[in-house]
1. Under 19 Å from the 7 Å Cα→Cβ point of Val223, by amide nitrogen: which residues of region 283-321?
2. Under a no-solvent Debye model with one identical scatterer per Cα of region 293-419, what's log10 I(q)/I(0) at q = 0.12, 0.16, 0.19 Å⁻¹?
3. Just add up the charged neighbours of Val303: K/R +1, D/E -1, any other residue whose Cβ is under 12 Å from the Cβ of Val303.
4. For every other residue with a beta carbon closer than 14 angstrom to the beta carbon of Tyr228, add +1 if it is Lys or Arg and -1 if Asp or Glu, then tell me the sum.
5. If packing is taken as the average count of other Cβ atoms within 10 Å, what order do 304-314, 209-219 fall into, highest mean first?
6. Of the DSSP beta bridges with both residues in the chain, give the percent that are antiparallel, rounding to the nearest 5.
7. Pairs on different chains or at least eight residues apart, Cα atoms closer than 18 Å: how many lysine pairs in the chain fit?
8. Order of Leu418, Leu324, Leu353 from fewest to most other C-beta atoms within 10 Å?
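Since every read-out is calculated from the coordinates, none of them should be taken as a lab result. All values derive from a computational prediction rather than experimental measurement. Quick reminder, even Gly has a Cβ in these numbers, built from the backbone with ideal geometry, and neighbours come from all protein chains shown.
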Amino acid sequence: MILNSRKAKWLGTVAVGSALAIALAGCGRDDGGSGGGDDGGSSPGITDEEITLGVTTPLSGATAGPGNCTVAGLVAYMGERNDEGGIEFGDGKTRTVDVQAWDDAYDPQKALQNFQQNSGDVFAFTSGLGTPTNRAYRDAAIDEEVPQVLVQTGDPIFSDQAESPWQLGFVPTYMNEGAAFGELLAESGDDLTVAILSQNDDYGEGYVEGFKEAIEGTGVEVVKELTYEATDPSVDPQLTQLADTEADVFFNAMSITPLVISSIEKTRELGWSPSWFLPSNTSSPVAILGPANADPEDGFYSVSFAKAPQSPAYADDEDVTTFLESLETYSGDYTTTPDFPHCMWSYMVGATLDQAFQNMEEPTRESFMEALRSVSDLQAPLMLDGTAVDTTEDGQPAVSSLVVQEYNGNGYETVDSLG
């Protein structure tokens with residue numbers, strides 16, 4: 001089942017975003033980037049031999065699992081290319097790629113500090129996880145004209161070119177994901193009750209907004225809606241209230257791995273067995289559903305655009321075997337086991353950056369952004385059939401196409417109906 005943005009229809013095929021060329025000449029300064037550089041008109045963080053990328057992401061704390069994956073896949077992809085001799089850029093120079101990562105522990109203030117301390121030494125920031133952490137240095141990145149691109153947040157603000165010409169999200173927006181599941185329920189034609197628990201921030205609000213829009217005017221009814229704080233040690237009180245509704249479906253818009261695991265365990269303890277919707281970043285079979293002893297008979301649904309290495313269906317897939325070998329070879333400082341989809345996503349980020357580097361005609365941040373905004377229908381490694389990278393549609397992230405999947409006890413398989 002393929003969806004592309006909240007307007008996609010459940011039984012439709014993917015519609016890759018229409019081409020809309022973006023010219024950034026005039027939004028940057030004549031000196032070729034903030035602060036200039038030592039190589040004529042070059043921007044900071046790039047020489048004739050090397051380009052340096054920065055990642056601020058949670059490498060410790062409750063979101064360390066997915067956070068380390070946001071670096072691991074990128075390092076794996078660039079490690080491959082560096083060993084091949086580097087990437088030939090559009091200006092004719094061949095450069096290796098140096099990835100520098102800093103821990104922000106999912107703390108916005110630390111993310112801002114990481115940017116402030118390193119923005120003069122890197123060419124662009126990329127791939128880092130988190131809505132509050134990426135938002136924390138967004139304004140500073142705009143002020144300093146530093147690219148903050150292909151970041152792993154579904155916040156749509158990063159894909160609004162008019163407001164933030166130096167930014168671009170990578171993964172589908174939270175609204176896209178929420179709408180995908182809402183459309184699944186709406187297309188069932190059944191009268192269903194839904195209980196919602198969402199994170200009390202833009203992350204949770206986006207999921208709920210997309211979901212509610214999709215079910216409007218259908219037989220799907222939200223019977224109770226609660227929130228939690230990302231810093232909460234437990235959500236047991238909320239789960240107890242939600243279980244009392246005996247709702248058919250639990251729409252769980254949570255980003256904190258331990259809380260998702262404990263939620264599955266708690267609902268089982270309470271004797272509540274709804275069908276579940278889990279966000280793409282907290283639906284890992286290995287890191288979440290397995291440890292929580294999730295029962296596939298209950299129905300656990302999520303969305304994806306990446307092949308899952310753990311799935312038997314991809315055991316001999318060339319993309320997957322190459323990816324796993326590269327992860328093992330280059331990413332030991334972060335993780336060599338892709339327990340979270342962010343490992344695959346950051347590998348795709350690497351491929352997207354590679355494409356932009358090949359097309360940037362000058363060693364400047366302006367030229368890079370122009371090239372990045374022109375990537376269309378890129379079949380990056382590990383992408384599921386029917387999905388693609390397309391950066392040309394204003395208001396959409398680099399990936400806006402989705403496949404709805406159901407947990408089968410080992411991995412996920414594509415579905416076109418509920419249950």
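1. Once the point is set 7 Å along Cα→Cβ of Val223, 298-300 turn out to lie under 19 Å by backbone N, inside region 283-321.
2. The Debye formula, applied to the Cα set alone, gives -0.55, -0.89, -1.12.
3. Surrounding charge for Val303 is -3.
4. Every neighbour counted, the sum reads -4.
5. Order by mean packing, descending: 304-314, 209-219.
6. Taking every DSSP beta bridge within the chain, about 30 percent pair in antiparallel fashion.
7. Going through the chain pair by pair, I get 4.
8. Going from sparsest to densest Cβ surroundings: Leu324, Leu418, Leu353.
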